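One structure below.
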Amino acid sequence: MKNQDDIVEKLRDFADSEDTTALKQFTRQYSPDVIAEFLDKIDDAKIVLQVLAVMNIEDAAETLMALYPELRIKLIKNLPTEQIAEYIRILPSDDAEDILDELEEDERVGEVLAMLPEDERLKLEELYAHPDESAGAIMAHEVEHLPGSYNVAQAIADLLRFGEDIEE
């Protein structure tokens, strides 16, 4: 297997040559978290935007959230408002609220919220109203639950079966 520096160089070459087919094939080989690691090493907002553009929207949103915060903030400032709203629709509410926090200085929070369906907008406005780093600000609205009639074995079986769909 190639070492990480070789893979990062290959990714940089694909982006520099604007080979969208190769970029798309590359992104299909790795998870969003691994792609974010490669992009963190490159640390170039232009290349990150090229990579996100060829990914499916769910993986792109997950990759965005896995980037180191300074790079993510640079990107968010350069993303069109519509694309930010699309990412927010896909992400868990706590991650979506983090993006709103990062947009705060950009003054586009209201524009982004206006693009969301009312139920999603209301949930995010509730989270956004809490002071940063408070329990209310870092909570998520998405919560998994199991029937009260389950015994421990049934609960563990369901958690194992559906565990990869549960964020935390």
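The values are calculated or read from the model by the stated rules, or taken from the named source; none is laboratory data. Model, not experiment: these values are computed from the prediction. Methodologically, a virtual Cβ is constructed for each residue, glycine included, from the backbone with ideal geometry; neighbour enumeration extends over all protein chains shown. The protein model used for the area step is the full one, side chains on, heavy atoms only, and it has no ligands, DNA or RNA in it. Shrake-Rupley method; radii C 1.70, N 1.55, O 1.52, S 1.80 Å.
Points to keep in mind about this one:
- Residue within region 22-32 that is farther than 30 Å from GLU126 by Cα, touching a Lys or Arg at 6+ places or on another chain (Cβ under 6 Å) and open to solvent by less than 60 Å² (accessible area, probe 1.4 Å) present: no
- Qualifying residue in region 44-54 (condition: assigned to a helix (DSSP H, G or I) and over 20 Å from LYS74 (Cβ atoms)): no
- Out of GLU9, GLU37, GLU58, sole residue that is assigned to a helix (DSSP H, G or I), under 19 Å from TYR87 (Cα atoms) and open to solvent by 60 Å² or more (accessible area, probe 1.4 Å): GLU58
- When ALA53 is tested against (1) at pLDDT 90 or above; (2) among the hydrophobic types (A, V, I, L, M, F, W, C); (3) open to solvent by less than 70 Å² (accessible area, probe 1.4 Å), exactly one condition is not met: (3).
- Residue within region 28-50 that is out of contact with any Gly (no Cβ under 7 Å at 6 or more places or on another chain), of a type in the set (Phe, Trp, Tyr) and under 22 Å from ARG108 (Cβ atoms) present: no
- Every residue from region 12-24 that is assigned to a helix (DSSP H, G or I) and either more than 20 Å from the chain's Cα centre (by Cα) or aromatic (Phe, Trp, Tyr) (or both): ARG12, ASP13, PHE14, ALA15, ASP16, THR20, THR21, ALA22
- Wholly enclosed helices (runs of 4 or more DSSP H) of region 63-120 bearing at least 3 residues farther than 16 Å from LYS46 by Cα and free of Cβ contacts under 8 Å to residues at least 60 places away in the same chain: 81-90, 93-103, 109-114
- Out of VAL112, VAL152, sole residue that is over 25 Å from MET55 (Cα atoms) and modelled with pLDDT of 80 or more: VAL152
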